[in-house]
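The values are calculated or read from the model by the stated rules, or taken from the named source; none is laboratory data. From a predicted model like this one, the values you see are computed outputs, not experimental measurements. Positions of Cβ are backbone-derived with ideal geometry, glycine not excepted, and every protein chain shown enters the neighbour counts. These accessible areas exclude ligands, DNA and RNA; they are computed on the full protein's heavy atoms, side chains included. Shrake-Rupley method; radii C 1.70, N 1.55, O 1.52, S 1.80 Å.
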Amino acid sequence: MKFMSFVWQDQVQYGVLYNETTILNLRALDNGFPSSLLEGIRAGEAFTGRVREALKKPEATLEGALVPLHEVSCLPPIPNPVRNMLCVGKNYREHAIEMGSAEDIPEHIIVFTKATTTVNAHEAPVDSHRTVTRELDYEGELAVVIGKEGKQIAKENALSHVFGYTILNDITARDLQRKHKQYFIGKSLDGSCPVGPWIVDHSEIENPNALDIVTKVNGEVRQQSNTSRFIFPVEEIISELSKGMTLLPGDIIATGTPAGVGNGFHPPRFLNPGDEVEITVEKVGTLRNTIK
């Protein structure tokens, strides 16, 4: 199942892909579905079970609830996150090296956040923020969406707390990052966190630590790796984050980016207005945005 939020006929809706070209609009079903995808995530298996049943219904019985995919405007799957995106830094050895040296490969998980105002949608424009940065960079990542609240989660139980998986572009102003000697400001420019186009239910991805990931800029492959190259796998990330902090349904965790970011080239290859960034993660889909 692929869950998404979208605008249809000037109304914010959410649903699940019925087939490759059609969305089942869950808000249009007269079955008391939650008012938003976030509320559905909070409802857990009771929600996903009802969605599975709805998807079994023949098309003829779903008149009025089926929406052509090409006619909607995508929203981030969770348009209004309750709290900042949680992001893991330098989770691929090659990326840590390209950003510094082998001495920058972390022994412990590096975590920072992106403000809720950074969230952006699939195919939505991303502001170049030329008044504050000239070094805008891309970072293609697999993202985890938490589905079940938990604290002090053991590694062996971590994946049971996952609702699903999506794609995230951790767009970063490298000059601001360098100037302020920290992550938050350079990673929290408005609209600098495209997420989507949907959340794939956890049941469709048995092992999130074995997925191909590719980032293209204007059709050119810049990043190409596999999540098997994580320094800290998804289970360890969830367990470590939850040691002293309660993870909540709807929390979005970005798992880190592979080598090949613009800052890693010599000379650097930063983003400019008109550039198209396309990130594909195996079994999840493709997230695409253009810099304006």
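Can you tell me which residue among 138, 183 is touching a Leu at 6+ places or on another chain (Cβ under 7 Å), touching a residue at least 40 places away in the same chain (Cβ under 8 Å) and of a type in the set (Ser, Thr, Tyr)?
That would be 138, the only listed residue that is touching a Leu at 6+ places or on another chain (Cβ under 7 Å), touching a residue at least 40 places away in the same chain (Cβ under 8 Å) and of a type in the set (Ser, Thr, Tyr).
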Selection count where residues are surrounded by 14 or more Cβ atoms within 10 Å (Cβ to Cβ), assigned to a loop (DSSP other than H, G, I, E, B) and in contact (Cβ under 8 Å) with a residue 60 or more places away in the chain, scope region 273-290: 3
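Can you name every residue in region 94-105 that is over 14 Å from residue 261 (Cβ atoms) and out of contact with any Lys or Arg (no Cβ under 7 Å at 6 or more places or on another chain)?
101, 102, 103
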Top-ranked residue in region 212-237 [being touching a residue at least 24 places away in the same chain (Cβ under 8 Å) and among the acidic types (Asp, Glu); ranked as nearest to residue 270 (Cα to Cα)]: 212
Qualifying residue in region 217-231 (condition: open to solvent by less than 40 Å² (accessible area, probe 1.4 Å), in a helix (DSSP H, G or I) and either over 20 Å from residue 187 (Cβ atoms) or not basic (Lys, Arg) (or both)): yes
Output for region 87-126, where each listed residue is of a type in the set (A, V, I, L, M, F, W, C), buried (at least 22 other Cβ atoms within 10 Å of the Cβ) and under 18 Å from residue 184 (Cβ atoms): 87, 88, 119
Residue tally, condition closer than 17 Å to residue 172 by Cβ, in a loop (DSSP other than H, G, I, E, B) and β-branched (Val, Ile, Thr), over region 240-272: 3
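Condition check ((1) touching a Lys or Arg at 6+ places or on another chain (Cβ under 9 Å); (2) over 14 Å from residue 137 (Cα atoms); (3) at pLDDT 95 or above) across all residues:
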| site | (1), (2), (3) |
| --- | --- |
| 157 | no, yes, yes |
| 160 | yes, yes, yes |
| 164 | yes, yes, yes |
| 176 | yes, no, yes |
| 181 | no, yes, no |
| 184 | yes, yes, yes |
| 195 | no, yes, yes |
| 198 | yes, yes, yes |
In region 171-205, residue surrounded by the fewest Cβ atoms within 10 Å (Cβ to Cβ) [restricted to those that are among the acidic types (Asp, Glu) and under 16 Å from residue 285 (Cα atoms)]: 204
Members of region 132-149 that are touching a strand residue (DSSP E or B) at 6+ places or on another chain (Cβ under 8 Å) and either surrounded by fewer than 21 Cβ atoms within 10 Å (Cβ to Cβ) or of a type in the set (Ser, Thr, Tyr) (or both): 132, 133, 135, 138, 148, 149
Selection status of residue 238, open to solvent by less than 50 Å² (accessible area, probe 1.4 Å) and within 14 Å of the chain's Cα centre (by Cα): no
Residue, surrounded by the fewest Cβ atoms within 10 Å (Cβ to Cβ), within region 241-260, restricted to residues that are more than 23 Å from residue 83 (Cβ to Cβ) and in contact with a His (Cβ under 7 Å, 6 or more places away or on another chain): 259
Conditions (1) more than 26 Å from residue 123 (Cβ to Cβ); (2) open to solvent by 50 Å² or more (accessible area, probe 1.4 Å); number of the one not met by residue 12: (1)
Filter result for residue 43 (modelled with pLDDT under 95, open to solvent by 10 Å² or more (accessible area, probe 1.4 Å) and aliphatic (A, V, I, L, M)): no
Odd one out for residue 129, checked against (1) buried (at least 19 other Cβ atoms within 10 Å of the Cβ); (2) modelled with pLDDT of 95 or more: (1)
